[in-house]
1. Output needed: percent of Cα pairs per 5 Å distance bin for the chain, bins running from 0 to the one holding the longest distance.
2. Please report the Cα spread of the stretch 48-100 along all three principal axes, rounded to whole Å, starting with the longest.
3. Assuming 0.36 nm per residue, please report the length gained on full extension of the stretch I104 to M1 beyond their Cα-Cα distance.
4. So how strong a dipole does the stretch 15-117 carry about its Cα centre when Lys and Arg Cβ are +1 and Asp and Glu Cβ are -1, to the nearest 20 debye?
5. Please compute the per residue accessible area over the stretch 1-98 with all protein chains in place, 1.4 Å probe, rounded to a whole number of Å².
6. My understanding is that a pair violates if its Cα-Cα distance is over 25 Å; which of K4/K138; K25/K66; K25/K134; K76/K124; K66/K138; K57/K106 do that in this structure?
7. So how far apart, in nm, are the two label points at I8 and R31 if each is 7 Å from Cα heading toward Cβ?
8. Counting each DSSP H run of 4 or more residues in the chain as -39500 (n - 2.57), what helix-only mean residue ellipticity at 222 nm follows after dividing by all residues, to the nearest 500 deg cm²/dmol?
Amino acid sequence: MEIKIQEIGYQDTLQIRHEAMWPDKALAYVRLPNDEMGRHYALFLQNQLISVISLFKEGRSMQFRKFATLPEFQGKGYGTALLRYIIQLAEGEEIDRIWCNARIQKSSYYLRFGLRETQERFEKGGIHFVIMEKYLPKKGESSFTG
């Protein structure tokens, strides 16, 4: 199976965001007010777009948002491959911190990538979220924590 990850336009993320995250809301619900300011990446399987993620950099911090994989492809490692790619990308750009608003029931997934829960929590659309973050090693430092 051929897998390819590449940058895409934000418009190309909307359908997957909708299907995977908020299928019972209007499509406009998954659009971010600052989508034009972000960088958007997709994972393609056999040329089919199946997973998306959006990045927003502010200073030396990068937030990933609207990380979504089509339901029929979840649990097969495709989202994991895309998130690993994004974390490596952030490390290459000398980002100090990468973070996200994680659905609380999905927070254990992000722990596998070294993200940790903060004390910041909120609710949106009846779903509870926690802010999770990972501090990245500086160039030349090891990310090994012992």
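1. 2, 9, 18, 23, 22, 16, 7, 2, 1, 0
2. 36, 17, 17
3. Values: separation 103, 0.36 × 103 = 37.08 nm, distance 3.20 nm.
Difference between extended and current length: 33.9 nm.
4. Details: 15 positive and 11 negative charges, 46 e Å.
The calculated dipole for the stretch 15-117 is roughly 220 debye.
5. Values: 4950 Å² over 98 residues.
Heavy-atom SASA per residue in the stretch 1-98 reads 51 Å².
6. Numbers: K4/K138 28 Å; K25/K66 15 Å; K25/K134 31 Å; K76/K124 27 Å; K66/K138 27 Å; K57/K106 23 Å.
Listed pairs above 25 Å: K4/K138; K25/K134; K76/K124; K66/K138.
7. It works out to 1.7 nm between the two label points.
8. Numbers: 3 runs with 28 residues, N = 146.
Result for the chain: -5500 deg cm²/dmol, rounded to the nearest 500.
The values are calculated or read from the model by the stated rules, or taken from the named source; none is laboratory data. Bear in mind that the values here come from a model prediction, so they are computed numbers and not experimental data. Neighbour counts run over all protein chains shown; Cβ positions are idealised from the backbone, glycine included. For accessibility, only protein heavy atoms count, side chains too; no ligands or nucleic acids. Shrake-Rupley method; radii C 1.70, N 1.55, O 1.52, S 1.80 Å.
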